[in-house]
Amino acid sequence: MTDGLITVDLLDNETGCGDKAGIHKDGVLHRAFSVFLMDGDKMLIQRRQRNKYHSGGLWANACCSHPRSGVSLMESVRIRMMEEIGVDCEVEEIFDFVYYARFSDVMHEYEYDHVFLGEYNGELAINPEEIEEVKWVDLQVLMADMMENPDEYAVWFLIAAPKVIKHIISRNERG
């Protein structure tokens, strides 16, 4: 995908678009997405490649990125899932949220993040330029580790994962 990121307001209304580097340097609110994949009671997490422009070496959800100008959100999700983990499966948007994190004087993440959830139990084709390693983790084990080692996880994951887990538990209780 190209670098034409979509800038938005706090209600996710498009306000324009710009280059990825400039938007992150200036801390402009922009549209993003995070995909969570489950296999039964296990969640797929990835350790981001250490050379990523931020949060390198930290654990995060199955994949995440930014939809690009002129490409629908769902199409962007499907493209990125294939690029990053080699997966093509159904996902549904379950919530969205806004977060801001300052990584340095010239690196900010200010995102309106759309969160998607899907079930998957097939093969993965990991992009080594994006990901160092992946693992399927039991939800109880993951929650305990997030409590004990929050500095091992990407900031957006610490916000979104508990909400995703709560959604899964609620869905399972409803049957």
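Table for the structure above
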{"quantity": "GNM flexibility winner over the chain from E123, E75, E111 (Cα, springs under 10 Å)", "calculated": "E123"}
{"quantity": "Whichever lysines have a C-alpha closer than 24 Å to that of K42, once near sequence neighbours (fewer than 8 apart) are set aside", "calculated": "K135, K163, K166"}
{"quantity": "Within region 4-174, percent of DSSP bridges classed antiparallel, to nearest 5", "calculated": "75 percent"}
{"quantity": "Contact order relative to length of the chain, as percent, for alpha carbon pairs under 8 angstrom and 6 or more apart", "calculated": "27 percent"}
{"quantity": "Where trypsin sites (Lys or Arg not before Pro) fall in DSSP loop in region 35-140, at most 16 other Cβ within 10 Å", "calculated": "R50, K52"}
{"quantity": "Straight-distance crosslink candidates among lysines, where the alpha carbon sits under 21 Å from K20 and sequence neighbours closer than 8 are dropped", "calculated": "K52"}
{"quantity": "Between helix 73-85 and the chain: long-axis angle, C-alpha atoms, 0 to 90°, nearest 10", "calculated": "70 degrees"}
{"quantity": "Phi-based couplings in Hz for region 164-172 (Karplus 6.51, -1.76, 1.60; Gly and Pro marked x)", "calculated": "5, 4, 4, 4, 5, 4, 4, 4, 5"}
{"quantity": "Answer label for Cα Rg over 2.2 N^0.38 Å (calculated), chosen among [x] 1.26; [y] 1.31; [z] 0.99", "calculated": "[z]"}
{"quantity": "Estimated [θ] at 222 nm from DSSP helical runs (n ≥ 4, -39500 (n - 2.57)) normalised by residues in the chain, nearest 500", "calculated": "-9000 deg cm²/dmol"}
{"quantity": "Debye, to nearest 20: dipole size of region 4-174, +1 on Lys, Arg Cβ, -1 on Asp, Glu Cβ", "calculated": "200 debye"}
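Any read-out appearing in this document is the output of simple, stated calculations on the displayed coordinates, not a laboratory observation. All of these numbers come straight from a predicted model, not from anything done at the bench. Positions of Cβ are generated from backbone atoms using ideal geometry, with glycine treated the same way; all protein chains shown enter the neighbour counts.
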